[in-house]
1. If the cut-off is a Cα-Cα distance under 14 Å, which aspartates and glutamates reach Lys159, setting aside same-chain residues fewer than 8 apart in sequence?
2. Using the Karplus curve 6.51 cos²θ - 1.76 cosθ + 1.60 with θ = phi - 60°, what ³J(HN,Hα) values do you get for each residue of the stretch 101-117, in whole Hz, with x for Gly and Pro?
3. Once you list every other residue whose beta carbon is under 14 Å from the beta carbon of Ile59, what net charge do they have if Lys and Arg are +1 and Asp and Glu are -1?
4. Label-point separation (nm) for Ser33 and Asp192, each offset 7 Å from Cα along Cα-to-Cβ?
5. Applying 1/(1 + (r/R0)^6) with R0 = 22 Å to the Cβ-Cβ distance of Lys20 and Gln178, what FRET efficiency is obtained, to the nearest 0.05?
6. Rounded, prolate or oblate: which fits the stretch 160-219 when a ≥ b ≥ c are the square roots of the eigenvalues of the alpha-carbon gyration tensor, with rounded for a/c under 1.5 and prolate only if a/b beats b/c?
7. Grab the Cα-Cα distance for Glu148 and Asn63, subtract it from 0.36 nm times how many residues apart they are, and report the gain in nm with one decimal.
8. Please rank Met52, Met174, Met1, fewest neighbouring Cβ atoms within 10 Å first, as an exposure proxy.
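Any read-out appearing in this document is the output of simple, stated calculations on the displayed coordinates, not a laboratory observation. Predicted, not measured: the structure shown is a model, and the values here were computed from it. Because the Cβ atoms are built from the backbone with ideal geometry, glycine has one as well, and the counts that use them run over all protein chains shown.
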Amino acid sequence: MEFSERLIKKGQPILKQILKHPFVEGIGQGDVSKDALAFYVGQDFNYLNAFMKVYAAAIQKSNSRDQIQLFTNQIEFTLNSEIQPHIDFCKVAGIEYSTVQNDKQAPMTYLYNEHMYNAARTGDLIDVVASMLPCPWTYSVIGETLIEQGSSTESNPFKSWIDFYAGVNSEDKMLSVQLFDILDLEASKYSDEKLKEVEDRFLKSCELEWHFWDQAYYQRDWKFV
Ligand SMILES: Cc1ncc(CO)c(N)n1
């Protein structure tokens with residue numbers, strides 16, 4: 001079995017939980033609380049800033065110009081295109097995008113960002129890519145699944161959000177395929193023991209995706225700090 005197949009297989013139980021999460025189901029049903037949406041966008045703005053910096057680490061660790069090109073395109077996409085889904089959520093929440101851009105990192109955002117930075121600091125390209133992949137992977141599956149479920153209707157206020165991650169995500173989907181290809185290419189260089197570590201980084205990021213939705217749904221912030 002290819003390394004990527006193994007990760008996709010092991011990630012299925014978490015992916016299923018993500019698809020069942022009330023925030024994600026709420027997007028499908030066109031019904032998520034304004035507080036949850038505002039909290040999500042503030043945290044996701046922060047997360048995507050970290051995500052772009054981790055792409056920069058992936059560039060440092062790249063082995064070819066094709067890889068450098070891929071990561072460069074992705075930074076550009078995150079910076080200039082991925083603001084659209086944030087604007088979609090802000091519109092439904094009835095807030096200005098600028099009002100959440102200085103929100104402090106909540107605990108799970110901190111954990112997820114630090115988890116990626118750890119891979120950037122201590123790992124090789126394979127560690128960095130494994131920690132980043134659940135981001136495009138889970139969102140492309142969310143988008144596709146919501147489309148398949150018939151949720152992208154004119155009356156759903158999240159239509160544009162769903163279409164972005166399902167359709168534009170032909171781009172996101174292609175991206176996850178390309179990133180899985182990098183993992184397979186790199187995996188051949190490493191021992192089973194090392195690949196177990198890489199798998200752990202990947203699965204932790206999958207779980208952190210679930211926590212990210214959950215944190216925003218319940219607006220869980222630091223309690224004492
Ligand atoms: C936390 C998180 N994961 C994935 C994506 C998709 O890029 C996003 N915007 N935020």
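1. List returned: Glu25, Asp31, Asp88, Glu144, Glu148.
2. Here the 3J(HN,Hα) series is 6, 10, 4, 6, 4, 7, x, 6, 5, 4, 4, 5, 4, 5, 4, 6, 4 Hz.
3. Overall, the nearby charge balance is 0.
4. Placing both labels 7 Å beyond Cα along the Cβ direction yields 4.8 nm.
5. 0.20
6. oblate
7. Length gained between Glu148 and Asn63: 26.9 nm.
8. Met1, Met174, Met52
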